[in-house]
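Notes follow once the structure below has been shown.
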Amino acid sequence: MSHHITEGKDLFYAYPDGHQAVNGISFRIHHGESVGIIGANGAGKSTLLMLLTGILMPANGEVIIGEVRLNKDNMAMIRQRLGMVFQNPDDQLFMTTVHDDVAFGPRNLKIDEPQVEQRVVSALEQVGILHLKDRAPFHLSAGEKRAAAIASVLSLMPDILILDEPTSSLDPKSRRRLMKILGGFEHTKIITSHDLDMVLDICQRVIVMKDGQAIADGPAKGVLTNKVLMEEAGLEMPLSLQGCPVCGGEKT
Ligand SMILES: Nc1ncnc2c1ncn2[C@@H]1O[C@H](COP(=O)(O)OP(=O)(O)OP(=O)(O)O)[C@@H](O)[C@H]1O
Ligand SMILES: [Mg+2]
């Protein structure tokens, strides 16, 4: 398990209405890498993550996790290794309490109940919402829901953590806390985000998507400071790398 890779080989996917959302992407992510996937709205980032987790199956190409090619028969086994936080927390939270949502994954893995309890408390503490454990997820604020969705994946202790816009709706303190958790997560991380300062902080490598294709794949700082590339992708450099708006000088 320790040397698994996450690989997409020549992936294509069109939605039932014919929209070609992923249009021939290949990449190989090694164990322990932290990879940001960025791109304008509609570039295909969420669709790509859903292909990696088997929620959608590619029309062409293959997804390989470890040594195994993802297919319908091994999907349940492979999903035990992957934890995905969805872009919309409402797609993730469906139990009547936050506690039960966070316990759902470990219980499904048939883990002993005392250990499930430990994992639930630890995951909720990590994201700072232990006090919400008995609340109904659908009554939480957007940021609270996001934190609960992240906890529901942390409790699975996955080998590969896949997060779709994890900082969206989080207040600055919660965002910082999440960045600290992600910084301390030693396994593979694949993160899509419009929060490019977070991507710069957390990811060593960045893949830039445009119209369902990868137009760049390289070291984070090199990609995120490439103004021409960022403009081509419909993006802007992270705020921390932009010049001072008053004097025009470079930030240090
Ligand atoms: N169920 C669907 N049916 C048809 N088209 C879809 C469907 N879901 C997404 N799309 C289209 O596929 C394209 C890629 O969508 P996707 O959600 O992967 O983009 P994204 O890069 O994650 O965008 P965002 O930054 O807004 O989250 C978009 O043009 C979108 O309109
Ligand atoms: Mg998306």
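Remarks
- Modelled label positions at Met95 and Ala76, each set 7 Å beyond Cα in the direction of Cβ, lie 1.9 nm from each other.
- Remark: the chain carries 48 Å² of accessible area per residue (probe radius 1.4 Å; ligands, DNA and RNA excluded).
- Label separation (His31 vs Glu232): 3.5 nm, computed from points 7 Å beyond Cα along the C-beta direction.
- Anisotropy class of the chain from Cα gyration tensor, a/c 1.5 cut: oblate
- Amide H contacts of Arg205: Ser34, Gly36, Ala220, each under 5 Å away and 5 or more positions distant or on a separate chain (H built 1.01 Å from N in the peptide plane; Pro and chain starts excluded).
- Greater than 22 Å apart at Cα, pairs in Lys173/Lys221; Lys9/Lys189; Lys45/Lys133: Lys173/Lys221; Lys45/Lys133
- Each residue of the range 75-80 is assigned a 3J(HN,Hα), and the resulting list reads 4, 4, 5, 5, 5, 5 Hz, derived from the Karplus form 6.51 cos²θ - 1.76 cosθ + 1.60 (θ = phi - 60°), x at Gly and Pro.
- Relative contact order %, the chain, counting alpha carbon pairs below 8 Å whose residues are six or more apart: 24
- Amide H within-cut-off set for Gln213, under 5 Å, with H built and near neighbours excluded: Asn23
- Solvent accessible area, Å² - His19, 1.4 Å probe, full protein context: 110
- Solvent-accessible surface of protein heavy atoms, probed at 1.4 angstrom with all chains present, puts Phe138, Phe27 in the order Phe138, Phe27, largest first.
- Only protein atoms count toward the accessible area here, which uses a 1.4 Å probe; on the range 6-241, the carbon and sulfur part of that area reaches 50 percent.
- Couplings 3J(HN,Hα) for the range 12-19, derived from phi with the Karplus relation 6.51 cos²θ - 1.76 cosθ + 1.60 (θ = phi - 60°), are 10, 8, 10, 6, x, 7, x, 5 Hz, where x marks Gly and Pro.
- Per-residue Karplus couplings for the range 60-70, computed as 6.51 cos²θ - 1.76 cosθ + 1.60 with θ equal to phi - 60°, are listed in order as 9, x, 9, 10, 10, 10, x, 9, 10, 7, 5 Hz, Gly and Pro entered as x.
The values are calculated or read from the model by the stated rules, or taken from the named source; none is laboratory data. These figures come from a predicted structure and were not determined experimentally. Virtual Cβ from ideal backbone geometry, glycine too; neighbours counted across all protein chains shown. Keep in mind that these areas ignore ligands, DNA and RNA; they rest on the heavy atoms of the full protein, side chains included. Shrake-Rupley method; radii C 1.70, N 1.55, O 1.52, S 1.80 Å.
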